[in-house]
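Comments concern the structure below.
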Amino acid sequence: MFRKFNHWLAKAATELAGHPVKFTPQTLLVGNRSIVLQPARLGDTEAMVEIERRVYQGYAPWGSLAFTSELSRQHRLYMVATDDNFIIGFAGCSFNWVKNEAHITNIAVTPGYQQQGIGTAMIQTLEDVAIANGMLTMSLEVRVDNNRAQRLYRQLGFEESKIKKGYYEDNHGDALEMLLPLGKEEKND
Ligand SMILES: CC(C)(COP(=O)(O)OP(=O)(O)OC[C@H]1O[C@@H](n2cnc3c(N)ncnc32)[C@H](O)[C@@H]1OP(=O)(O)O)[C@@H](O)C(=O)NCCC(=O)NCCS
């Protein structure tokens, strides 16, 4: 019992002390374009908000303040996808070293670049980083009526967990929580 408590305490201390989440930039070939996935910087937040506006018909659920705050926090990894240094997508993840759970906080790809594998590549990169950091599960919330994103998450192995009633602040819409177990199978790619 005491040993268990000590173990928990050590993990909680690590969580509080901060844990750097490292990520090496990567290049994907999408058609004849080289798309680079790289860590997001504070100067990227306006471009990230602009992508939100494009994918959500003028509405930016997070806005500049939320992105700036998230990018400044510990235990986070935010990446941007760039084409010729122009930001065309982003994805973010939080890491909980007490529960060993990674959580995708936000993801979007600007319309002209969707359905070419960029969203998949960003999620798989977050998965790889999560596994390398000892995470056992990856979770996310998605609006119950966002069928396109749900279909992609299912293709990537996420399973439905539960409905969170009134989760979204803007319209009190419901969220579907989805979970992906990590590190149980050898990845073939
Ligand atoms: C959800 C989202 C991030 C996915 O990004 P994406 O870059 O389009 O994702 P992918 O291209 O990897 O996958 C999308 C689809 O294209 C397919 N696809 C991937 N590469 C492809 C290619 N080269 N050619 C044709 N289709 C391809 C995928 O199989 C997937 O198919 P599906 O529609 O049957 O699921 C994007 O649709 C988006 O920004 N949506 C608005 C914001 C949003 O809803 N975010 C999620 C909040 S929880």
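The values are calculated or read from the model by the stated rules, or taken from the named source; none is laboratory data. It should be emphasised that the depicted structure is a prediction, and the values quoted were computed from it without experimental measurement. Neighbour counts are summed over all protein chains in view; Cβ atoms, including those assigned to glycine, are modelled from backbone coordinates with ideal geometry. Keep in mind that these areas ignore ligands, DNA and RNA; they rest on the heavy atoms of the full protein, side chains included. Shrake-Rupley method; radii C 1.70, N 1.55, O 1.52, S 1.80 Å.
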Check your understanding: With every protein chain in place, what's the accessible area of residue 145 (1.4 Å probe, Å², nearest 10)?
Key -> 110
Exercise for review: Quick one: grab the alpha carbon gyration tensor of segment 37-109, order the square roots of its eigenvalues as a ≥ b ≥ c, and give me rounded if a/c is under 1.5, else prolate or oblate depending on whether a/b is larger than b/c.
Suggested key: prolate
Revision key, fill the gap. With every protein chain in place, the accessible area of residue 24 for a 1.4 Å probe, in Å² rounded to the nearest 10, comes to 100
Check your understanding: If you count the DSSP beta bridges with both ends in segment 2-137, what percent of them are antiparallel, to the nearest 5?
Key -> 95
Review point. Given 163, 35, 49, which one lies farthest toward the positive end of the charge dipole of the chain, if we put +1 on the Cβ of every Lys and Arg and -1 on the Cβ of every Asp and Glu?
Key: 163
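So if I place +1 on the C-beta of Lys and Arg and -1 on the C-beta of Asp and Glu, and nothing else carries charge, what would the dipole magnitude of the chain be about its Cα centre? I want it in debye, nearest 20.
With only Lys, Arg, Asp and Glu charged at Cβ, the dipole is about 480 debye.
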**Study point:** Sequence-distant aspartates and glutamates (8 or more away, or on other chains) whose Cα lies within less than 12 Å of residue 99
**Key:** 15
Check your understanding: If the cut-off is 20 Å between C-alpha atoms, which aspartates and glutamates fall inside it for residue 22, apart from same-chain ones fewer than 8 positions away?
Key -> 44, 70, 101, 127, 128
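Per residue, how big is the convex hull of the chain when only Cα atoms are used? Give it in Å³.
Cα convex hull per residue, to the nearest whole number: 138 Å³.
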Check your understanding: Just from its helices, what would the mean residue ellipticity at 222 nm be for the chain, if runs of 4 or more DSSP H residues each count -39500 (n - 2.57) and the sum is divided by every residue, rounded to the nearest 500 deg cm²/dmol?
Key -> -10000 deg cm²/dmol
